[in-house]
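Q: Have a look at the structure that comes next, please.
The values are calculated or read from the model by the stated rules, or taken from the named source; none is laboratory data. What you see is a predicted model, and the numbers here were worked out from it, not measured in a lab. Neighbour counts are summed over all protein chains in view; Cβ atoms, including those assigned to glycine, are modelled from backbone coordinates with ideal geometry.
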Amino acid sequence: MELPYAEPFRIKMVEHIYPSTRQQREEWIRQAKYNLFNLRSQQVFVDLLTDSGTGAMSDHQWAELMLGDESYAGASSYYKLKQAIKEIFGFEYFLPTHQGRAAENVLFSVLVKEGDIVPGNSHFDTTKGHIEFRKAQAIDCTIDEAFDTDIEHPFKGNVDPNKLEDVLKKYNDKIRFIIVTLTNNTAGGQPVSLENLRQVRQLADKYGKLVVYDSARFAENAYFIKMREAQYKDWSIRDIVKEMFSLADAMTMSSKKDGIVNIGGFIGFRDRELFRQATVFNIMFEGFVTYGGMAGRDMNALARGLHESTELDYLQYRMRQVAYLGQQLVDYGIPVQKPFGGHAIFIDARKFLPHVPKEEFQAQTLALELYKEAGVRGVEIGTLLADRDPVTGENRYPKLEFVRLAIPRRVYTDNHIDYVATALKNIFDRRHEINHGYRIIYEAPILRHFTVELEPVE
Ligand SMILES: *Cc1c(COP(=O)(O)O)cnc(C)c1O
């Protein structure tokens, strides 16, 4: 008999989680103004809000914490991380930051000014936030296939070279760089192919632009390249990563994802001059060059995490678990983004809840149903997240309205996954009874989903 799959680790420490009743959850979510970000973690049973900073560190990473060098300047931890970044990404220069958006803040302080255009593939919300905050504009050049959840395309994160070239032609003098998000979170954790990264590089060279990777899930992207891009099937993950980053000028990183640490980020640079310019802002916003927003111990754990996340058996484990959830939902007939993404399953809320008007936030409505049903916390990746158009002030209705179930790294067992899938099936079976969603009673002008307050539409 063929042996079944088993995780390449065992559990050394456990963390208690808290079951609750439906009645308790209905009260808690009312008090939280129907915003899942306002819940206390103990009011949640299985927390799939994000895979960001929620991973379990390994024994080796915990050991690294004890070796942290907390010197203000020149800490060995800085050099350990510098070495890991050089080895894995090939970048000579780097700046530590406290997380990914801080890396964006520092780098964009150099690269983005008012009136600029930043083309890319479905920019992440904080990336777009940092662009628009500087009165510049992000233009999405993702391939059209990404916006149909039924189309099976192996690289739905890809940049459409024609769309990109049109933008480069039209706004040439307003563009300093192209940003490529690996994997593409907003489009469903979808990867970008190496072929596509090469096309982006060629266009960037043709028009004299820089290429920056938003690299939070670079290792998952590399795994997809190995699995789906025939010519790389025998390459190691490390070699694929090296090849990917050889085509970029700089990277921003949220280490809370494929760094498998709880906080941290960095910027990687090929060019000394750009590094020097960014250093000025890093010292102002983050901290001195050799720690910039991170404790020495955290830099140590990150250096180790970057190595662990680029191990094939780790990535196999991770991708299998995400697909295990996705496949159960597909078997129940639940509409999800296909092929399954790297870090999360994205449920197509527009298809799941067709009776809820789009003005009443379909994905948020589904995410709230899931919490009330089972204490499972997902997140809306839809109209609330898309904010209002800065010019017209109208809601932006994105092409896709998702509930994202993000799987923390090395945290939950397959039994938790079964629990989540069953909760969703229960809701799916009664979906025709759900006709109304929610309306906004408070919202912030930017990144409103974090603090929005809602009430049910009766
Ligand atoms: C998480 C993330 C960011 C922002 O990083 P933080 O560490 O949350 O500040 C940027 N881009 C992508 C693609 C991300 O997933």
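Q: Exactly one of these conditions fails for P408: (1) closer than 22 Å to N184 by Cβ; (2) without any contact (Cβ under 8 Å) to a residue 40 or more places away in the chain. Give me its number.
A: (2)
Q: Something else about it: So, Y317, is that one surrounded by fewer than 22 Cβ atoms within 10 Å (Cβ to Cβ) and in contact with a Pro (Cβ under 9 Å, 6 or more places away or on another chain) or not?
A: Considered against the rule, which asks whether it is surrounded by fewer than 22 Cβ atoms within 10 Å (Cβ to Cβ) and in contact with a Pro (Cβ under 9 Å, 6 or more places away or on another chain), Y317 comes out as yes.
Q: Just for the stretch 231-256: of the residues that are farther than 24 Å from F177 by Cα and charged (D, E, K, R), which one is surrounded by the fewest Cβ atoms within 10 Å (Cβ to Cβ)?
A: So the residue we want is D234.
Q: Which members of the stretch 365-399 meet the condition of being closer than 21 Å to D150 by Cα and out of contact with any strand residue (DSSP E or B) (no Cβ under 7 Å at 6 or more places or on another chain)?
A: Y397, P398, K399
Q: With the structure loaded, tell me whether Y79 is surrounded by fewer than 20 Cβ atoms within 10 Å (Cβ to Cβ), of a type in the set (S, T, Y) and not in a helix (DSSP H, G or I) or whether it fails that test.
A: Taking the combined requirement at face value, the residue does not satisfy it.
Q: Criterion first (surrounded by fewer than 22 Cβ atoms within 10 Å (Cβ to Cβ), in the same structural domain as M319 (by TED's automatic domain parsing), among the hydroxyl-bearing types (S, T, Y) and not in a strand (DSSP E or B)) does T422 satisfy it?
A: yes
Q: For the stretch 425-458, how many residues meet the condition of being within 22 Å of the chain's Cα centre (by Cα), in a loop (DSSP other than H, G, I, E, B) and closer than 20 Å to D348 by Cα?
A: The qualifying residues number 0.
Q: Right, here's the next one. Within the stretch 384-406, does at least one residue satisfy the condition of being among the β-branched types (V, I, T), touching a helix residue (DSSP H, G or I) at 6+ places or on another chain (Cβ under 9 Å) and assigned to a loop (DSSP other than H, G, I, E, B)?
A: no
Q: If you don't mind, another one. For the stretch 168-203, which residues satisfy the criterion of being among the polar types (S, T, N, Q) and within 16 Å of the ligand (Cβ to nearest atom)?
A: Scanning the stretch 168-203 gives T181, T183, N184, N185, T186, Q190.
Q: Is there any pair linking a residue in the stretch 177-200 that is touching a residue at least 60 places away in the same chain (Cβ under 8 Å) to one that is away from the ligand (no atom under 15 Å from the Cβ) and of a type in the set (D, E, K, R), with Cβ under 7 Å and at least six apart or on different chains, and which?
A: Short answer, once both residue conditions are applied: F177/K209; I178/K209.
Q: Still on this structure: Somewhere in the stretch 66-76, is a residue of a type in the set (F, W, Y), more than 16 Å from the ligand (Cβ to nearest atom), surrounded by 12 or more Cβ atoms within 10 Å (Cβ to Cβ) and more than 30 Å from A367 (Cα to Cα)?
A: No, the stretch 66-76 contains no residue that is of a type in the set (F, W, Y), more than 16 Å from the ligand (Cβ to nearest atom), surrounded by 12 or more Cβ atoms within 10 Å (Cβ to Cβ) and more than 30 Å from A367 (Cα to Cα).
Q: For the stretch 110-128, indicate whether the set of residues that are away from the ligand (no atom under 12 Å from the Cβ), of a type in the set (V, I, T) and part of a helix (DSSP H, G or I) is non-empty.
A: yes
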